[in-house]
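Asks: To start, I am sharing the structure in question, which I have written as structure tokens.
Coordinate-derived values only; no laboratory data. Here the structure is a predicted model, which means the values were calculated and not measured. Because the Cβ atoms are built from the backbone with ideal geometry, glycine has one as well, and the counts that use them run over all protein chains shown.
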Amino acid sequence: MALTDARPLLFSPLTLRDITFPNRVTVAPMCQYSATDGFANDWHLVHLGGLAKGGFGAVMTEAAAVLPEGRITHGDIGLWSDAHAQALKPSIDFIRASGALAGIQLAHAGRKASMQRPWFGNGPLGRADVDRGDLPWEINGASAMPVDDGWLMPKEMDKDDIARLVQAFADAARRADTLGCDFIEIHGAHGYLLQSFLSPLSNHRTDAYGGDLSGRMRLALEITEAVRTAWPASKPLFFRISSVDGFKGGWEMSDSLTFATELKALGVDVIDCSSGGNQGRTKVSQGRVLQPGYQLDYAAEIRAKAGIATQGVGMILDGPQAEAALQDGRADLIAIGRQALFDPFWVHHQAYEMGVTDYGSWPEQYGWWLDRRERSIQALKSG
Ligand SMILES: Cc1cc2nc3c(=O)[nH]c(=O)nc-3n(C[C@H](O)[C@H](O)[C@H](O)COP(=O)(O)O)c2cc1C
């Protein structure tokens, strides 16, 4: 079957503002912990470029720190200077030359900054990390509360820190535009800085940035407004949320619905619906049962009740599952994380499994040969 015969929604274009996504599958932001001093390198080019080659309609970079102290680990990329943007240029250019859209996630890790790379323990930096040259740095956050016992104590951000942060997000958005990015995402999930302001579990402030829901949302909304102003009106803006904390007394779906409505009013186009991550790893989350598509219910509810496009993410494993989520109106875009690491050609392979057996959407360097390979296989089969 050719794409034009009965094109699954998954492989159909979607236009947001002036930007057309060639299909509805995006690469979820995934830190590679492989940068040096915030600078992207050949690993990022080959990793992101490979995914663009693999048919993803949009490739989003990992979380890029808007300030050096906002990196999760020493290996995170940054976008706090023009030189950092320049280091990302080969990756962004390659993604776009491959026919995919390029996106970048703008982030600040807050109290979860200065951590070990996952393969060294995924906890606070320790002696072995220091011996390796990965020294801890001073961190800041919503309140002077560490992630967990034994983690660094953040400094509670004051008015000047907040003003510098808002400016840093806006500057990073401007750099992303200059770099040629087609869309950006503000990272407001997983217990990093913005979510730690949003959640009552991590925000114990008594000033205008704490207290009730409107106080706790204030910083994220100010940043969104500044980013939307700095980012062209023709290009889409995503916002990733943790739809729920997954802990009693924490951020709930009702908060996400209010928040999504406010973000929409400020010009956010897509809510990327993740969840969790705001508590230490020794605490067990309640109510989030890990199963295929476990976060799609959040995307569906926000899409229906807040009237905004959503991106579904989380254990979306194959094309038919993704297609069903789109057909059922649960999400507008599907983000693929670990499956894309398992199979960087996930989109082409799933399309093939779903009956799209021509190679027109593969890179031309491959497609011509694969077409002939297909014919050879058919000839073999028919004896
Ligand atoms: C290696 C790795 C790095 C990640 N880094 C980020 C990140 O930079 N920003 C983010 O919002 N989520 C990050 N995540 C979460 C993913 O974007 C995604 O939400 C999560 O993996 C669930 O999707 P999946 O089941 O398809 O992997 C990361 C996940 C992985 C596996």
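Asks: Which condition number does GLY293 fail, the rest of (1) farther than 22 Å from MET30 by Cβ; (2) under 17 Å from the mean Cα position of the chain (by Cα) being met?
Replies: Failed condition: (1).
Asks: Of everything in the range 258-308, what is within 16 Å of the ligand (Cβ to nearest atom), assigned to a helix (DSSP H, G or I) and among the hydroxyl-bearing types (Ser, Thr, Tyr)? Give them in sequence order.
Replies: TYR298
Asks: Take SER254 and decide whether it is within 30 Å of LEU152 (Cα to Cα), exposed (fewer than 15 other Cβ atoms within 10 Å of the Cβ) and more than 20 Å from the chain's Cα centre (by Cα).
Replies: no
Asks: List every residue pair whose Cβ atoms lie under 8 Å apart, where the two residues are 6 or more positions apart in sequence or sit on different chains, the first residue falls within the range 61-75 and is closer than 15 Å to GLY188 by Cβ, and the second residue, located anywhere, is among the charged types (D, E, K, R) and surrounded by fewer than 24 Cβ atoms within 10 Å (Cβ to Cβ).
Replies: VAL66/ASP171
Asks: Looking at the range 146-161, can you tell me whether even one residue there is hydrophobic (A, V, I, L, M, F, W, C), part of a helix (DSSP H, G or I), buried (at least 19 other Cβ atoms within 10 Å of the Cβ) and in contact (Cβ under 8 Å) with a residue 40 or more places away in the chain? Even if it seems obvious, please write down each step before you answer.
Replies: Quick first cut of the range 146-161, residues hydrophobic (A, V, I, L, M, F, W, C) only: 147, 151-153, 157.
Still in the list and also part of a helix (DSSP H, G or I): none.
For the range 146-161, residues hydrophobic (A, V, I, L, M, F, W, C), part of a helix (DSSP H, G or I), buried (at least 19 other Cβ atoms within 10 Å of the Cβ) and in contact (Cβ under 8 Å) with a residue 40 or more places away in the chain: absent.
Asks: Would you check if ASN140 is in contact with a strand residue (DSSP E or B) (Cβ under 6 Å, 6 or more places away or on another chain) and of a type in the set (S, T, N, Q)? I'd like the intermediate steps shown before the answer.
Replies: Details: in contact with a strand residue (DSSP E or B) (Cβ under 6 Å, 6 or more places away or on another chain): yes; of a type in the set (S, T, N, Q): yes.
It is true that ASN140 is in contact with a strand residue (DSSP E or B) (Cβ under 6 Å, 6 or more places away or on another chain) and of a type in the set (S, T, N, Q).
Asks: Here's another thing I want to ask about it. Quick one: would you say GLY126 is farther than 29 Å from PHE94 by Cβ, without any contact (Cβ under 8 Å) to a residue 24 or more places away in the chain, within 16 Å of the ligand (Cβ to nearest atom) and not acidic (Asp, Glu)? Lay out the reasoning, then the answer.
Replies: Values: farther than 29 Å from PHE94 by Cβ: yes; without any contact (Cβ under 8 Å) to a residue 24 or more places away in the chain: yes; within 16 Å of the ligand (Cβ to nearest atom): no; not acidic (Asp, Glu): yes.
When the stated conditions are applied, GLY126 does not pass them.
Asks: Same structure again: Can you tell me how many residues within the range 301-342 are without any contact (Cβ under 8 Å) to a residue 40 or more places away in the chain and touching a Gly at 6+ places or on another chain (Cβ under 8 Å)?
Replies: Residues that pass the stated criteria total 8.
Asks: Could you run through the range 35-65 and say how many residues are in a loop (DSSP other than H, G, I, E, B) and buried (at least 17 other Cβ atoms within 10 Å of the Cβ)?
Replies: Here is the first cut: in the range 35-65, the residues in a loop (DSSP other than H, G, I, E, B) are 35, 37-38, 40-41, 54-57.
Subset that is buried (at least 17 other Cβ atoms within 10 Å of the Cβ): 35, 38, 40, 54-57.
Here the count works out to 7.
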